[in-house]
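Shown next, in structure tokens, is the structure this report addresses.
The values are calculated or read from the model by the stated rules, or taken from the named source; none is laboratory data. In this text, all values refer to a predicted model and were calculated from it rather than measured experimentally. With ideal geometry, Cβ positions are generated from the backbone for all residues, glycine too; neighbour counts draw on all protein chains shown.
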Amino acid sequence: MSLTLGFVLFSCDSLPEEIPEHEVAAQWAEMTLFVTKNTPANSPTFASRCLGYLGLAQYEAVVHGSDTHQSLVGQLSELETLPLPKTDHPYNWLMVLNKSQSLLLKSLYVQTSDENKLKIDSLESRIHKILEKSTDRKTASQSVLLGSQLAEALFEWSKTDGGHRGYLKNFDQDFSREPFPGSWKPPLFAQSFSHKPLHPYWGENRTFAPRNTLLELPKYIAYDPEKGSDYYSQFLAVYQKEKELTIEEKEAAIWWSDDPDVTFSPGGHLYYIANSLVRREKPSLIETTKTFAMVGMSVADAFIKCWKWKYHFFSERPNTFVPQFIDQKWESFWPDPPFPSFPSGHAIQAAAAATALLDTFENKTQFVDSAHVGRERDHVRNVEFKARSYESIWEIAQETADSRFYGGIHTPQDNQVGLEQGAVVAKNIIDLNWKK
């Protein structure tokens, strides 16, 4: 499913008479991914935060029109109030969603280009024109007003979470830490020229689910570089895998890289999959928006906890251990990202998203991921971007984690703990009182 699909739908002069409810939500998820991909200095951490707020905004925009579900006000961290609809006024909930997504997306990504903001405005206008064909003027006016108020309230709440405008300080030049045996070091073979790690204080940010703030530290294998130790064996496994990579494993490694300024980020990739499933399965409006809220907030909380633990352990990657203790000339198949290793960010956010998706969809859901179809071949590694097929939702999370092992930038323990903890993070989102 191409990222241009939704925009093509409204590109003609004559607008359709109506639009499916789930498709309004899908259009905005798609626009979110477009802006995520096409906004400079957009780190995986910052992108995950935006997915959390925009997913939640979808749900809160329509929940008061549901007989079965309720708002998350009073359940999320420090979210004590949001604007309420007036009981004596009718509302078009899709109009509320349409307006709130437009305003919140532009607020969260205030740094994006004017061209992108015009695209956001254009999508809002086109959807509104379709919806107003079946909505009286007073209802439309009230709905747009409520959408504006909701976006403003959620944005004001977002400013206090610790990550507001985090793109201004991706690499904190004042951050320093004394090296120790097994500590992270800026590698020579890396994705970034920065010798400072990405967002060292992101783990202090407020989580959406209060329970996720309280999660305990996961266990980490103690440093021991002696041959045959458990620690040594973790890196030996990475070294040996790189020597026997199959073409399919190489394809998985580049498919799930999702590097900033090239794709819509690792978290965005899972949001894309959620959107693709929504378009295929066509759940009700409340289930659709609940899906985006669960996936977005689970991914956001997963990154916060992952970064908390990354900077607690401040652990090294194979590209520094292997050349020192196993093979001096070794380089990983994929270059290192600019932050500590344990646990894997790809694994934890993919497991969180997959666990959230399982609240809406069956695990045994066949799926073809076409997110990167059409990208130019990776000439450095001589690998094509080919669509990936899966027999279950959890298989997507597992391959996302495995891809970092194939790339040579994460050990098995990084991925295993990431998968385990991502599921825990998402369960704390799922266990909120969504229903009345």
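Within segment 286-323, the set of residues being under 29 Å from L97 (Cα atoms) and either modelled with pLDDT under 95 or of a type in the set (F, W, Y) (or both) comprises F292, F303. For residues in segment 245-289 being within 12 Å of F361 (Cβ to Cβ) and of a type in the set (D, E, K, R), which is surrounded by the fewest Cβ atoms within 10 Å (Cβ to Cβ)? So, considering only residues that are within 12 Å of F361 (Cβ to Cβ) and of a type in the set (D, E, K, R), the one surrounded by the fewest Cβ atoms within 10 Å (Cβ to Cβ) is R280. The single condition among (1) outside any helix (DSSP H, G or I); (2) more than 18 Å from Q191 (Cα to Cα); (3) among the aromatic types (F, W, Y) that Y271 does not satisfy is (1).
Residues in segment 150-179 that are of a type outside the set (F, W, Y) and in contact with a helix residue (DSSP H, G or I) (Cβ under 6 Å, 6 or more places away or on another chain): 7 in all.
The set of residues in segment 57-76 that are assigned to a helix (DSSP H, G or I) and in contact with a Pro (Cβ under 8 Å, 6 or more places away or on another chain) contains only H64.
Screening V373, V368 for residues that are touching a strand residue (DSSP E or B) at 6+ places or on another chain (Cβ under 7 Å), of a type in the set (V, I, T) and over 16 Å from E420 (Cα atoms) leaves exactly one candidate, V368. Could you check segment 263-286 and list, in sequence order, the residues that are closer than 16 Å to Q58 by Cα and of a type in the set (S, T, Y)? Matches in segment 263-286: Y271, Y272, S284. The helices (runs of 4 or more DSSP H) found entirely in segment 151-264 that carry 1 or more residues being of a type in the set (A, V, I, L, M, F, W, C) are 230-242, 247-255. Filtering D402, D359 for residues that are in a helix (DSSP H, G or I), among the charged types (D, E, K, R) and in the same structural domain as T288 (by TED's automatic domain parsing) leaves a single hit, D402. L76 fulfils the conditions (1) in contact (Cβ under 8 Å) with a residue 12 or more places away in the chain; (2) out of contact with any helix residue (DSSP H, G or I) (no Cβ under 7 Å at 6 or more places or on another chain); (3) hydrophobic (A, V, I, L, M, F, W, C); (4) more than 26 Å from N212 (Cβ to Cβ) except for a single criterion, (4).
Go through segment 308-336 and give me each residue that's over 23 Å from W256 (Cβ atoms), in a loop (DSSP other than H, G, I, E, B) and not polar (S, T, N, Q). Matches in segment 308-336: F314, I326, D327, K329.
Pick out the one residue from F303, F342 that is touching a Lys or Arg at 6+ places or on another chain (Cβ under 8 Å) and assigned to a loop (DSSP other than H, G, I, E, B).
Details: F303 fails: assigned to a loop (DSSP other than H, G, I, E, B).
After applying the criteria, what remains is F342.
Got at least one residue in segment 220-236 being more than 18 Å from E316 (Cβ to Cβ) and surrounded by 14 or more Cβ atoms within 10 Å (Cβ to Cβ)? No, there is no match, as no residue in segment 220-236 is more than 18 Å from E316 (Cβ to Cβ) and surrounded by 14 or more Cβ atoms within 10 Å (Cβ to Cβ).
For segment 176-213, what are the residues that are among the hydrophobic types (A, V, I, L, M, F, W, C), closer than 23 Å to P343 by Cβ and loosely packed, with under 14 Cβ neighbours inside 10 Å? Step through it out loud before you land on a result.
In the first step, residues of segment 176-213 are kept if they are among the hydrophobic types (A, V, I, L, M, F, W, C); the result is 180, 184, 188-190, 193, 198, 202, 208-209.
From the residues that got through so far, the ones that are closer than 23 Å to P343 by Cβ too are 180, 184, 189-190, 198, 202, 208-209.
Matches in segment 176-213: F180 only.
When Y390 is evaluated against the numbered criteria (1) over 20 Å from the mean Cα position of the chain (by Cα); (2) among the hydroxyl-bearing types (S, T, Y); (3) more than 16 Å from S332 (Cβ to Cβ), which criterion, by number, is the only one it fails? Going through (1) over 20 Å from the mean Cα position of the chain (by Cα); (2) among the hydroxyl-bearing types (S, T, Y); (3) more than 16 Å from S332 (Cβ to Cβ) one by one, Y390 breaks only (1).
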